[in-house]
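Single-structure report; data block below.
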Amino acid sequence: TGVQTCALPIYYVPTLTFDVASIRETNGVQSGGLRVGVSSPPHTSKFTATNFTAKMLLQAAYGWDAPISTGPDWMNQTYFNIEAKSDPFVDAQLAKLTDDQARAEKQHMLQALLADRFHLKSHLETKESSGYALSLAKGGTKLQQAKADMDDPSRPPPANQGVDVQAHGGRQGLEFVVHSAPMRAIIGMLSSQVEAPVLDRTGLTGYYDFTLQFGRDWSASDPESWPSIFTAVQEQLGLKLESTKAPVPNLIIDHVERPSEN
């Protein structure tokens, strides 16, 4: 089927799926440059992604630290806007789950969506892979603890809000504005940018707000380009990325197709 589930205790098996999903191709560029966003609160069925490539969707579904092997060029070059949700029964089921179980369900729901609409068939192979270890830089982290909404005391604490990520591409490079991100989400974001596995060796356990600005290929010749992602992570976040090797699961694409328009 191409649908694989995350490692979970044997007494729990993800089973939920999206009831409706809209997938529409976009050119990716908006006023002010490329803007990428994703919203996927773990305890509701809502999933929204703006200017996501198929590769990014696969990474969200299978884990940002799983390198993707093979696959056609369009998977990393064609952008989609995706909106998916389920009926209130699914929302009620997700609301009863632990955070880890709810995240696993949402990943399973994305995996099922990929199998249905992209006709994805894939498998995982563990390989010794080059990657990076993320640790604290000298002086410690500069990440800021996520702030609750003081205008709405009934709003759930940051751990239950879901991560809010906005990415803006411009002349100087790429800017990420992130709210309420645990380390697993930060690891995923960095892994997607360095295109390699990133191992968390920070020991950090909170939820964080931050802005990260770094140069990309298109900004290299601009004298006002932001620094490399490695320099930016150290200077702006108080963390450091160092080369390493480790056995990690690689996602092997056996078959995938462009999704049909809705």
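Which value, in debye to the nearest 20, gives the size of the charge dipole of the chain about its Cα centre, when Lys and Arg are +1 and Asp and Glu are -1 at the Cβ?
Rounded to the nearest 20 debye, it is 340 debye.
Say the dipole of the chain comes from +1 at the beta carbon of Lys and Arg and -1 at that of Asp and Glu; which of LEU110, LEU58, LEU136 then lies farthest toward its positive end?
Toward the positive end, the furthest listed residue is LEU136.
Which value in deg cm²/dmol, rounded to the nearest 500, describes the helix-derived mean residue ellipticity at 222 nm for the chain, given -39,500 (n - 2.57) per DSSP H run of n ≥ 4 and division by the residue count?
It comes out at -6500 deg cm²/dmol, rounded to the nearest 500.
Output wanted: per-residue J couplings in Hz (rounded whole) for the range 130-146, from phi through Karplus 6.51 cos²θ - 1.76 cosθ + 1.60, θ = phi - 60°, x for Gly and Pro.
These are the phi-based 3J(HN,Hα) values: 6, x, 9, 9, 9, 9, 6, 7, 4, x, x, 5, 10, 5, 9, 4, 4 Hz.
For LYS245, what charge total do you get from the other residues with a beta carbon under 13 Å from its beta carbon, if Lys and Arg give +1 and Asp and Glu give -1?
Taking every Cβ under 13 Å from that of LYS245, the sum is -1.
So what's the gap between the Cα centers of the range 242-259 and the range 188-225, to the nearest angstrom?
Result: 19 Å between the Cα centres.
First check a/c for the range 195-248, with a ≥ b ≥ c the square roots of the eigenvalues of its C-alpha gyration tensor; if it is under 1.5, answer rounded, and if not, answer prolate when a/b is larger than b/c or oblate otherwise.
Verdict is oblate for the range 195-248.
Excluding ligands, DNA and RNA, what is the solvent-accessible area per residue of the chain at a probe of 1.4 Å, expressed in Å²?
Here the residues of the chain average 50 Å² of exposed surface.
How many nm is it between the label spots at TRP74 and ASP217, if each spot is 7 Å from the Cα in line with the beta carbon?
2.0
Does the range 61-110 come out rounded, prolate or oblate, given a ≥ b ≥ c as the square roots of the eigenvalues of its C-alpha gyration tensor, rounded meaning a/c under 1.5 and, failing that, prolate meaning a/b above b/c?
It is oblate, given that a/c is not under 1.5 and a/b is not larger than b/c.
State whether the chain is rounded, prolate or oblate according to the following rule on the C-alpha gyration tensor (a ≥ b ≥ c being the square roots of its eigenvalues): a/c under 1.5 gives rounded; otherwise a/b larger than b/c gives prolate, and the remaining case gives oblate.
rounded
Considering only DSSP states other than H, G, I, E and B, which trypsin sites (Lys or Arg not before Pro) in the range 105-136 qualify as loop sites with at most 10 other Cβ atoms within 10 Å?
Nothing satisfies the criteria.
Nearest 0.05, what FRET efficiency do SER228 and LYS96 give at R0 = 41 Å with Cβ-Cβ as r?
With R0 = 41 Å, the Cβ-Cβ based efficiency is 0.40.
Which whole-number percent gives the relative contact order of the chain, counting Cα pairs below 8 Å spaced six or more residues apart?
Relative contact order here is 27 percent.
If Lys and Arg each add +1 and Asp and Glu each add -1, what is the summed charge of the other residues whose beta carbon sits under 14 Å from the beta carbon of PRO72?
0
Which GluC sites (Glu not before Pro) in the range 220-262 sit in a loop by DSSP (not H, G, I, E or B) and have at most 14 other Cβ atoms within 10 Å of their own Cβ?
GLU224, GLU257, GLU261
Going by amide H atoms built from the backbone, whose H comes under 5 Å of the H on SER228, apart from near neighbours?
GLY215
The values are calculated or read from the model by the stated rules, or taken from the named source; none is laboratory data. This is a predicted model, so every value here is computed, not measured. Here the Cβ is made from the backbone with ideal geometry for all residues, glycine too, and neighbour counts use every protein chain on show. These accessible areas exclude ligands, DNA and RNA; they are computed on the full protein's heavy atoms, side chains included. Shrake-Rupley method; radii C 1.70, N 1.55, O 1.52, S 1.80 Å.
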